[in-house]
Amino acid sequence: MKPGAKHMVNSEIIIERHDKQNADGRSLSSWLQGHACVATVIVLIASLLPRLFLTLSADPADLKFGDSGSYFRPAVSLLEKGKFLNKNQEPEVSRTPGYPVFLSALMVVTGKSVNNDEDLRTILVVQTIITSWSVVFLYLLARRIVPPIMAFTGALLAAFSPWGAVTAGFALTEGLYFLTLAMLFFVMYFVVEHTTKLYAILAGGAAIGLLTSAVVFVRPLWPLVPIVAIALFLLCGDKREKAWILVAVMLVCSASPLYLWKTRNLREAQFDGFSDVPGVNAYHYFAAGVKAQLQEARGDRWALHRAAHEEEREWSQGLSIQEVNDERWRRAIAVFRAAPILTGYCFVLNAGQYIIHPDPAILRPAGLNFRGDVWVLGGFLASLLIFAGLGLCGTPDRNRDGGVIQMKWLLAILGICLLLTLPSGITFGQGSRYRVALEFIVPLLAAIGLVRLIRSLRQN
């Protein structure tokens, strides 16, 4: 065979192989598009299986943590007395009502109590089933902003992510926080992209506002309100009239419930604030961490954290809740002003730790820890972050990607999730708990990078 003819044959073989690979990709993409309900059920099952396994494998006592009691007491108090009270039978101002109200509803539905471990198992299993739908909402949104294969892959990565799966059954806010956040993003997309009539815009703005306040009630991060408002304004693009109406309605409907809660705190507890948790974190954790850095090798931030607790017991005698909160901030700010550069360094260090922490302790409740687990989890997390970087940095190409990628939505969600993660910089020692918001966007970006890489390797 002549060299020229041989080259033509090889070229034809390569073209045929590429055509077959493209056809395979198109067929899977077409199947996912044509069988949306089946694909959604697969995602739901994939989300339920690891979460239920991890919850059922754990002893109920191991699913409770130091903070769990502070959610249980107001939940029980709501049912028994119709009031939101703490362990001292005083108005609760540390915990916002989101998760306690959710627990109260589960206790009513199941007829169980959080005060009994076996009853608690039932409650947390139901919680796990409900919060598993967060991955379904992620998938429903992903199908609209990235090609079908990438959306499906991202949903599966989120479903089997150990950090998201484990926290669904914890007696903490993480599972409900992830669910409400996923619902918020989905409704934001639907309202921005698919509403044109005034009544629909008004209803959509109200829904976004109420969901935003729901997220803040679950975890007291009130800056989410202006963050969502800015995101909505930018996402509406040149539809300025729609943007202004949407943002105005959203702000009213999100700020009103939060203001009512703040008013309740002032009336019942004489505390002028939404929650005293920021002051606790600033004084007990952040200031203690900065002091430890100032002492260099002699600094033990956990020892200083405990010392702050002991000191507070002494100086808080006879002070009101408001006075205690003000004093915490005064002492914390004094530490920050004394070492502003070191304070910034500690903040970045803490926030960065939460983003990259492999956190093998999440496997402990289910008894799944093993030798080298930190390396396995660390490797998996590193892979996700690398693929997410590839997905974020690559230029969208409709032919290569198998469809349109709406980068404005990916960037908006990434920005919101990062901003929600940054406040974790004022605490330490919480493992992966405070990067829950990133469990929404990182798997989706990683899926984009992974699918692109696989297609590139198959073509070469």
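The listed residues are 203, 269, 248, 282, and the only one of them that is more than 25 Å from the chain's Cα centre (by Cα), small (Gly, Ala, Ser) and modelled with pLDDT under 95 turns out to be 269. The C-beta contact set for the range 20-36 (first residue hydroxyl-bearing (Ser, Thr, Tyr), second residue modelled with pLDDT of 80 or more, distance under 7 angstrom, 6+ apart or interchain) comprises 29/147; 29/148; 29/149. Taken as a whole, the structure leaves residue 139 outside the set of residues that are touching a Phe, Trp or Tyr at 6+ places or on another chain (Cβ under 8 Å), surrounded by fewer than 24 Cβ atoms within 10 Å (Cβ to Cβ) and part of a helix (DSSP H, G or I).
Only one entry of 98, 82, 66 meets the criterion of being on the phi > 0 side of the Ramachandran plot and of a type outside the set (A, V, I, L, M), and that entry is 82. For the range 359-380, the candidate set comprises residues that are in contact with a helix residue (DSSP H, G or I) (Cβ under 6 Å, 6 or more places away or on another chain) and without any contact (Cβ under 8 Å) to a residue 60 or more places away in the chain; within that set, the residue that is nearest to residue 162 (Cα to Cα) is 360.
Residues that are within 19 Å of residue 94 (Cβ to Cβ) and aromatic (Phe, Trp, Tyr): does the range 340-349 have at least one? There is no residue in the range 340-349 that is within 19 Å of residue 94 (Cβ to Cβ) and aromatic (Phe, Trp, Tyr).
Applying the criterion of being of a type in the set (A, V, I, L, M, F, W, C) and part of a loop (DSSP other than H, G, I, E, B) to the residues of the range 80-106, the residue that is nearest to residue 67 (Cα to Cα) is 93.
When the range 410-425 is filtered for residues that are surrounded by fewer than 22 Cβ atoms within 10 Å (Cβ to Cβ) and either without any contact (Cβ under 8 Å) to a residue 12 or more places away in the chain or of a type outside the set (Gly, Ala, Ser) (or both), the ones remaining, listed by number, are 410, 411, 414, 417, 418, 419, 421, 422, 423. When residue 383 is tested against (1) polar (S, T, N, Q); (2) surrounded by fewer than 17 Cβ atoms within 10 Å (Cβ to Cβ); (3) more than 24 Å from the chain's Cα centre (by Cα), exactly one condition is not met: (3). Just one of the numbered conditions (1) buried (at least 19 other Cβ atoms within 10 Å of the Cβ); (2) free of Cβ contacts under 8 Å to residues at least 12 places away in the same chain is not true of residue 321: (2).
Out of 229, 207, report the one residue that is buried (at least 18 other Cβ atoms within 10 Å of the Cβ), farther than 26 Å from residue 130 by Cα and either among the basic types (Lys, Arg) or out of contact with any Cys (no Cβ under 6 Å at 6 or more places or on another chain) (or both). Being buried (at least 18 other Cβ atoms within 10 Å of the Cβ), farther than 26 Å from residue 130 by Cα and either among the basic types (Lys, Arg) or out of contact with any Cys (no Cβ under 6 Å at 6 or more places or on another chain) (or both) holds for just one of 229, 207, which is 229. Of the helices (runs of 4 or more DSSP H) lying entirely inside the range 360-439, none contains at least 2 residues that are touching a Lys or Arg at 6+ places or on another chain (Cβ under 6 Å). One residue stands out in the range 286-343 among those that are basic (Lys, Arg), under 22 Å from residue 422 (Cβ atoms) and more than 29 Å from the chain's Cα centre (by Cα): the one that is modelled with the highest pLDDT, namely 337. The single condition among (1) modelled with pLDDT of 95 or more; (2) over 22 Å from residue 95 (Cα atoms); (3) of a type in the set (S, T, N, Q) that residue 161 does not satisfy is (1). Residues in the range 237-253 that are assigned to a loop (DSSP other than H, G, I, E, B) and surrounded by 20 or more Cβ atoms within 10 Å (Cβ to Cβ): 0 in all.
The values are calculated or read from the model by the stated rules, or taken from the named source; none is laboratory data. For clarity, every value in this text was computed on a predicted model and none was experimentally measured. Quick reminder, even Gly has a Cβ in these numbers, built from the backbone with ideal geometry, and neighbours come from all protein chains shown.
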